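This report concerns only the one structure given below.
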Amino acid sequence: MKFKLLFLSAAFIFASNCLAQVPTGDVLVRGGTVLTVTNGTLENTDVLILNGIITEIGENLSAPQGVSVVDAVGMYVMPGIIDAHSHIGISNVNESSAPVTAQVSVGDVLNPYSIAIYRALAGGVTSSHVMHGSANVIGGQNETIKHRWGLLDPDELRMADAPRTIKFALGENPTRVHGQGSNKRPASRMGVEYVLRETFAKAQRYQEAWAQYEEEAKSNPRAISPAYNGQLEVMSDILTGDILIHCHSYRADEILMLLDVLGDFGVNQITFQHVNEGFKIAPELAEFGAGASIFADWWAYKFEVYYSTAYNAAILTRNGVLTSINSDSGELNRHLYHEAAKSQKYGGLSDTEALSLITINPAKQLGIADRIGSIEVGKEGDLAIFDRHPLSIYAVNQKTIVDGITYFDIERDADDMRLSVDPESPIETTVLHSHDDTHQCLHEGALDLYDFLESN
Amino acid sequence: MTYLYSLLISAVLLIAPTKNEAVDTITVLTNARIVTITQGTIENGTIIVEDGIIVQLGTDIDIPDGAQIVDLAGLTVYPGMIDSGTQMGLVEVGSLSETRDASELGDLSPQMKALTAVNPNGVAIPVTRVNGITTVLTVPSGGMLPGQAALINLHGYTPQQMYAGFEGVVLRFPSTGRRGRFDSRSEEDVEKAATEALKKLNDTWDSAELHHRIDSTYQARPEDGRRPEYVPSMEALKDVVRGEQSLIIQVNTAKDILSALDWIKARNMTNVIFSGLAEGWRVADKIAEAGVPCLVGPVLSIPTRASDRFDKAYKNAALMHEAGVKIAIRSDDTANARNLPYHAGFAAAYGLPVEAALRAITINPAEIFGVDDRLGSLEVGKEATFFVADGDPFETSTTILHVFIAGYQVPMESRHTRLYEEFLNRNPGLNKHNRQ
C-alpha cells in the first residue's frame with residue numbers, strides 16, 4: 001500500500017513536471033462501461049482523473065470537492081484513441097529536397113489552428129503521431145502531439161517527453177521523387193538500400209570520430225573536434241536507440257531489406273508504416289520485434305499496394321506482430337474506431353484486440369505506453385466516451401477528454417469551431433475532397449509531380 | 001502423396017457444386033429471415049430461385065423435388081446492395097494511367113460508353129461482391145461530358161453479361177468549388193472558370209437541341225430532308241435532350257446545385273439525376289421541390305467548409321432525406337466500394353433511419369435507374385440477386401455468408417481472402433525450406 005502511494009505520488013510529480021506548461025483538469029466519469037483495453041471491461045465503473053492523471057477506477061467513487069462529474073451511465077468509456085500516422089496540425093509535410101533530410105522536424109511547423117485537430121477530437125482521437133512525408137528515404141523527424149484544441153502556443157500541442165521518432169520511406173515515393181523527379185539516387189529499390197547503408201555508415205564514422213576526439217580531449221586540450229553535422233547527429237541518435245524509426249513501406253522485399261540493414265547497424269527498434277505486404281513476412285517481423293502500423297483496408301491506389309489484403313491486421317496479430325491501425329488521413333482519423341472494427345470482419349479479432357489496434361498498440365509503437373493507451377491508474381486522463389460500443393457502426397462519440405479536460409463535447413459543439421477566421425476572406429472557400437486528397441501519402445511524396453502526372 | 005492427392009481431389013469435388021451452381025437449376029433457401037425492403041420482413045421464410053429469378057417467396061411454400069436446398073436458419077437475406085457511384089472495372093490501379101480507362105481526351109465526349117471499357121476480370125470485382133454489393137454504377141470521369149455511366153452486376157464474363165439495364169450520360173456541372181486541397185487558384189479564377197464552363201455547357205446544349213430538332217424533322221419525313229450531319233457527341237446528347245436517356249449531373253456545392261436546378265428548369269429537362277451533393281443539405285428543400293433524385297456520397301468524407309460542424313458529411317444524407325429528397329448512397333470509390341454498407345451505416349448513425357439507409361442502397365437506386373422491375377428488393381419475379389448475412393449488414397462484426405447474382409451463387413473468395421488463407425499460417429514460416 002505504502003509502495004503504491006509512493007508510486008502514485010511519484011507518478012504525480014513526474015506527470016506534473018512533464019505537463020507543467022499545459023493545463024490539466026479534474027473529472028469524475030461516472031457509471032460507464034469502462035473498456036480498459038489492458039484489464040478487461042468493467043461495468044458500471046467510475047474513472048477519477050485528478051490533475052490530468054487517472055487516480056482511481058472503481059465503483060461508487062466520490063468526487064472530491066470541486067471536481068466535475070460526467071454522467072456516463074449507459075455509455076462506453078475507452079482510452080483516448082491514438083493515431084500512429086497523421087499529418088494534421090502542421091503547415092508543411094515534406095522537405096523533399098534531398099533523399100536524406102534527417103535534420104528537419106515537423107515539430108517546428110505545428111499549427112494549433114488546424115481544424116483537423118478538432119475533427120479528430122470529435123472522433124475520439126486524443127493523440128496523433130504527426131509525421132514527416134514520405135518523399136525521402138530518410139525523412140524528417142516526427143512529433144507526437146495531444147489534441148489540446150484551443151491552446152494557441154504550438155508547443156502546447158506537444159506530448160512532452162514522448163520519445164523522438166523519425167520518418168523513413170521505401171519504394172515508389174522516394175524513387176519517384178528523387179530518381180524520376182530529380183535524376184538523383186535512389187531511382188530503384190537497390191538505390192534505396194544504398195542510401196540507407198551509406199547514411200548509416202557515415203553516421204557510424206561520425207560517432208567514431210567524436211568518440212575518438214572525446215577520448216583524445218581528455219589528455220590533449222588542443223584536440224580538434226570533428227565538424228558538427230546536424231544530419232549525422234540525428235542519425236547517430238538513431239544508432240544509439242534514442243530515436244525510433246517509423247518507416248513508410250509497402251512491399252515485403254523492401255521491408256526485409258531494411259530489417260537486414262538495421263541488423264547490420266545494430267538498430268533494433270522500428271515500426272513499419274502502411275506495410276501493406278506485412279502479412280507476407282509476419283514471422284520475420286515478429287522475430288525482429290518490429291511493429292506494423294497499417295491501414296484497415298486501403299489498397300490498389302498504386303502498384304505497390306495491389307497485392308494487399310484487408311486481413312493484414314488479423315494475420316499480423318495472430319503471428320505475434322505488434323500492430324496498430326492508423327489514418328494517414330484527415331478523413332479516416334475521425335473514425336479510427338470504425339477502421340479498427342473492420343479487423344473483426346476481416347479475421348475476427350476480439351473486441352479487446354480490435355481496440356488495442358488504436359490504443360495500447362500504437363502507444364507501444366510510439367514509446368508512450370506507460371503514459372497513455374489504456375485506462376489504468378497512473379496513466380494520463382485521456383478518454384473517449386461513446387453512446388454505444390465503439391466497435392459498432394452506430395456508435396457516436398459524445399465527449400473527448402485530454403489530460404482530464406473535456407476538449408470535445410457533442411452537446412456543446414457549435415457549428416463553427418474555428419479558432420481564427422481570416423477577416424479578409426470575403427466568403428469561405430468550399431473545398432471538395434476527392435478520395436485522392438484524403439489519401440495523404442499519395443501526395444506527400446511529391447505534390448507537384450503527382451499533380452503533373454494527374455493532369456497529363 | 002497419393003493420399004494427399006485424393007484428399008485434394010475430393011476437396012475440389014466438394015467445393016465444385018457451390019462454385020459452379022448452374023443458373024438453370026432450382027435453388028431453395030429455407031428458414032430464412034427475409035428483409036424484402038418493399039414488403040416488410042418475413043420470419044422463417046422460403047425463397048425459391050429458378051433460372052435466376054425469384055419464383056416463390058414467403059412462408060408455407062412447398063419445396064420442389066430435386067432442388068438444391070440451402071438452410072439459412074438464423075440468417076437473414078437482403079437484396080444485393082447497389083453502389084450508385086464507382087469506377088468498377090474501369091480503374092485497376094489508381095496511380096497507373098495504363099490501368100485507368102475512365103477518362104477520354106477532350107471536354108465533350110458524351111458518346112463514350114463506360115460499359116465498353118469494363119474489365120470483367122478487375123480484381124476489385126470479387127473483392128466488392130463478397131461484401132454483398134452485387135450491382136454498381138460505373139462512371140467515367142474527365143471533362144465536362146465524360147461519357148455514359150453503366151449499371152453493372154458484379155458477375156459476368158463479358159461487359160454485356162454484367163450489364164444491369166441502365167446507362168446515363170454524365171455531366172460534370174461547372175463548379176465554383178475548389179478541386180481539393182491543392183487547388184490554389186484565386187477566388188476570381190475559380191469563378192471565372194465556372195462562368196466560362198457554364199457558357200460552354202449552354203453552347204453545347206443549344207447545339208444538342210438544334211441537332212435534336214433537325215433530326216426529328218428528318219425522321220418525321222426522311223424523303224423531304226437531308227440527313228443531319230454526323231456529330232457523335234450530338235448523337236449521344238439527342239436522347240438526353242428528348243428525355244429518353246437520363247442525365248446524371250455531378251454537382252456538389254450549394255451554389256452549383258442551385259445553378260444546376262435553374263439550368264434543368266430553363267432547359268425543361270425531365271430525366272435528371274444528381275450525383276455527389278456534398279453540400280446537398282444546405283439546399284435540400286430546393287432539391288426536394290424540384291423532385292430530382294440524388295446519388296449522395298461518399299458519406300465518409302470531410303465537411304466541405306472549415307466552419308461546418310464535424311459531422312455534416314455524415315448527416316448530409318439524413319438531412320436530405322428529411323427534406324423529402326429521394327436519395328441513393330454511393331461510395332464514390334472503386335477499390336473500397338466494398339465499404340458501401342459502412343457509408344450507409346454512418347448515415348444511419350447520424351440520423352438517417354436504418355430502413356431508409358437500407359433503401360438508399362437497394363430499392364431507391366433501382367428505382368432511380370429504372371431497374372426496379374429486376375433489382376432492389378426481394379419479390380417474386382425479380383432477379384435472384386441477394387446476399388445472406390448473420391446479422392446487421394451495416395455492422396463490421398457481421399459476416400456475409402452467401403451472395404447470389406441473378407441466381408448465380410458467387411464464390412465467397414477474392415484476392416483478399418486468398419491471401420488471408422495463404423498467409424495466416426505461412427508455410428514455411430521462418431525456415432528457409434519447407435521440410436514438412
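The values are calculated or read from the model by the stated rules, or taken from the named source; none is laboratory data. A quick note: this is a predicted structure, and the numbers were derived from the prediction, not measured. No Cβ is skipped: glycine too gets one built from the backbone with ideal geometry, and neighbour counts run over all protein chains shown.
With respect to B:ALA389, determine if the residue is at pLDDT 95 or above, in contact with a helix residue (DSSP H, G or I) (Cβ under 9 Å, 6 or more places away or on another chain) and of a type in the set (Gly, Ala, Ser). So B:ALA389 does not fit the description; no. Taking the stretch A:259-277 as the range and being touching a His at 6+ places or on another chain (Cβ under 8 Å) and either polar (S, T, N, Q) or within 14 Å of another protein chain (Cβ to nearest Cβ) (or both) as the test, the residues that pass are A:THR271, A:GLN273.
Regarding the stretch A:353-367, can at least one residue be identified that is surrounded by fewer than 23 Cβ atoms within 10 Å (Cβ to Cβ) and not in a helix (DSSP H, G or I)? Yes, there is a match, as at least one residue in the stretch A:353-367 is surrounded by fewer than 23 Cβ atoms within 10 Å (Cβ to Cβ) and not in a helix (DSSP H, G or I). For the stretch A:385-398, residues that are crowded, with 24+ Cβ neighbours inside 10 Å, within 14 Å of another protein chain (Cβ to nearest Cβ) and in contact (Cβ under 8 Å) with a residue 60 or more places away in the chain total 3. Count of the stretch B:156-179 residues, restricted to those that are assigned to a strand (DSSP E or B) and either farther than 30 Å from B:ALA193 by Cα or free of Cβ contacts under 8 Å to residues at least 12 places away in the same chain (or both), is 4. Kindly indicate the residue of the stretch A:175-190 that is at pLDDT 95 or above and of a type in the set (Ser, Thr, Tyr) and also surrounded by the fewest Cβ atoms within 10 Å (Cβ to Cβ) among those meeting that condition. Selected residue: A:SER188. The set of residues in the stretch B:390-414 that are more than 14 Å from chain A (Cβ to nearest Cβ) and among the polar types (S, T, N, Q) contains only B:GLN409.
Of all the numbered requirements in (1) in the same structural domain as B:LEU237 (by TED's automatic domain parsing); (2) crowded, with 18+ Cβ neighbours inside 10 Å; (3) on the phi < 0 side of the Ramachandran plot, B:GLU50 misses one, and that requirement is (1). In the stretch B:358-387, the residues that are more than 17 Å from B:THR27 (Cβ to Cβ) reach residues that are among the basic types (Lys, Arg) with C-beta atoms within less than 8 angstrom, at least six apart or across chains, in these pairs: B:ASN364/B:LYS326; B:ALA366/B:ARG374; B:GLU367/B:LYS326; B:ILE368/B:LYS326; B:ASP373/B:LYS382; B:ARG374/B:LYS382; B:LEU375/B:LYS382; B:GLY376/B:LYS382.
Taking every residue in the stretch B:219-239 that is over 12 Å from B:VAL169 (Cα atoms) and pairing it with any residue that is of a type in the set (Phe, Trp, Tyr), at least 6 positions away or on another chain, the pairs with Cβ-Cβ distances below 8 Å are B:GLY225/B:TYR218; B:ARG226/B:TYR218; B:ARG227/B:TYR218; B:PRO228/B:TYR218.
So which residues in the stretch B:255-291 are of a type in the set (Val, Ile, Thr) and either outside the structural domain of B:GLN148 (by TED's automatic domain parsing) or not in a helix (DSSP H, G or I) (or both)?
B:THR270, B:VAL272, B:ILE273
Each residue in the stretch B:45-103 was checked for being more than 14 Å from chain A (Cβ to nearest Cβ), free of Cβ contacts under 8 Å to residues at least 60 places away in the same chain and part of a loop (DSSP other than H, G, I, E, B), and 11 pass. Taking (1) part of a loop (DSSP other than H, G, I, E, B); (2) more than 13 Å from every other protein chain (Cβ to nearest Cβ); (3) over 30 Å from B:THR417 (Cβ atoms) in turn, B:SER307 satisfies each apart from (2).
Looking at A:GLU172, A:GLU193, A:GLU156, A:GLU198, which is the one that is surrounded by 14 or more Cβ atoms within 10 Å (Cβ to Cβ), closer than 30 Å to A:THR406 by Cβ and acidic (Asp, Glu)? I'd like the intermediate steps shown before the answer.
On the way: A:GLU172 fails: closer than 30 Å to A:THR406 by Cβ; A:GLU193 fails: closer than 30 Å to A:THR406 by Cβ; A:GLU198 fails: closer than 30 Å to A:THR406 by Cβ.
Among A:GLU172, A:GLU193, A:GLU156, A:GLU198, only A:GLU156 is surrounded by 14 or more Cβ atoms within 10 Å (Cβ to Cβ), closer than 30 Å to A:THR406 by Cβ and acidic (Asp, Glu).
Sort out which residues of the stretch A:278-334 are charged (D, E, K, R) and at the interface with chain B (Cβ under 9 Å from one of its Cβ atoms), and write them in order of number.
Of the residues in the stretch A:278-334, the ones charged (D, E, K, R) are A:280, A:284, A:287, A:297, A:302, A:304, A:318, A:328, A:331, A:334.
Scanning the stretch A:278-334 gives A:LYS280, A:GLU284, A:GLU287, A:ASP297, A:LYS302, A:ARG318, A:GLU331, A:ARG334.
The listed residues are B:SER331, B:SER301, and the only one of them that is surrounded by 24 or more Cβ atoms within 10 Å (Cβ to Cβ) and in the same structural domain as B:ALA149 (by TED's automatic domain parsing) turns out to be B:SER331.
Applying the condition of being of a type in the set (A, V, I, L, M, F, W, C) and closer than 18 Å to B:SER109 by Cβ to the stretch B:185-235 and asking which residue is nearest to the other protein chains (Cβ to nearest Cβ) yields B:ALA197. Note on the stretch A:372-382: residues that are surrounded by 23 or more Cβ atoms within 10 Å (Cβ to Cβ) and under 17 Å from the mean Cα position of the chain (by Cα) total 4.
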